1. When you scan the range 25-48, how many residues do you find that are open to solvent by less than 50 Å² (accessible area, probe 1.4 Å) and assigned to a loop (DSSP other than H, G, I, E, B)?
2. Could you tell me which residue of the range 67-120 is modelled with the lowest pLDDT, considering only residues that are under 17 Å from Gly46 (Cα atoms) and β-branched (Val, Ile, Thr)?
3. Going residue by residue through the range 50-66, is there one that turns out to be of a type in the set (S, T, N, Q), under 20 Å from Leu28 (Cβ atoms), modelled with pLDDT of 80 or more and open to solvent by 50 Å² or more (accessible area, probe 1.4 Å)?
4. Pro2 passes all but one of (1) on the phi < 0 side of the Ramachandran plot; (2) at pLDDT below 90; (3) surrounded by 14 or more Cβ atoms within 10 Å (Cβ to Cβ); which number fails?
5. I need a count of the residues in the range 47-74 that are in contact with a Leu (Cβ under 7 Å, 6 or more places away or on another chain) and free of Cβ contacts under 8 Å to residues at least 60 places away in the same chain.
Amino acid sequence: LPSGKVAFTPNQAGKVGLFDPATGTFSLVGNAISGEYVAGVLLPNGKVVFVPWGVGSVGMFDPATDTFSTVGASISTNNMYRGGVLLPSGKVVFAPYIADTVEVFEPGNVEPGYTVSGGV
């Protein structure tokens, strides 16, 4: 994160985890998370996209307000993705684990607008 902290979704913790390497402290922040997300991808605007793991939405964490939200519901819940990569265009590609496609997430100019393209 721009602050130097590291954000992640600890398995079954129900909130976003923040680790501060400057102080060596760990905390859970934000509102409750429903569903499983893996691998965070830092966006140029400072927000973090969390890759969906068998859920129909993308996770979004805003470190400025310590809030987690979900955006969209058009991803198949049968698909599981292992990670994500930020492209130069600002889009994020979700790498498949148990899926027959990659997903392309586009944050858009107005949060939380985005498009997801399957079958790429």
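1. 6
2. From the range 67-120, those under 17 Å from Gly46 (Cα atoms) are 67-71, 84-92, 105-114; that's our starting set.
Add one more test, that the residue is β-branched (Val, Ile, Thr), and what stays is 67, 70-71, 85, 92, 110.
Values: Thr67: 88, Thr70: 82, Val71: 79, Val85: 91, Val92: 88, Val110: 34.
Only one residue fits best here, namely Val110.
3. Yes, some residue in the range 50-66 is of a type in the set (S, T, N, Q), under 20 Å from Leu28 (Cβ atoms), modelled with pLDDT of 80 or more and open to solvent by 50 Å² or more (accessible area, probe 1.4 Å).
4. It fails just one condition, (3).
5. First pass over the range 47-74, keeping only residues in contact with a Leu (Cβ under 7 Å, 6 or more places away or on another chain): 48-49, 63.
Right, trim to free of Cβ contacts under 8 Å to residues at least 60 places away in the same chain and you get 48-49.
Selection size over the range 47-74: 2.
The values are calculated or read from the model by the stated rules, or taken from the named source; none is laboratory data. Please read all numbers here as calculations on a predicted model, not as lab measurements. Virtual Cβ from ideal backbone geometry, glycine too; neighbours counted across all protein chains shown. Each accessible area value is taken on the protein alone, full model and side chains, heavy atoms only, with ligands, DNA and RNA left out. Shrake-Rupley method; radii C 1.70, N 1.55, O 1.52, S 1.80 Å.
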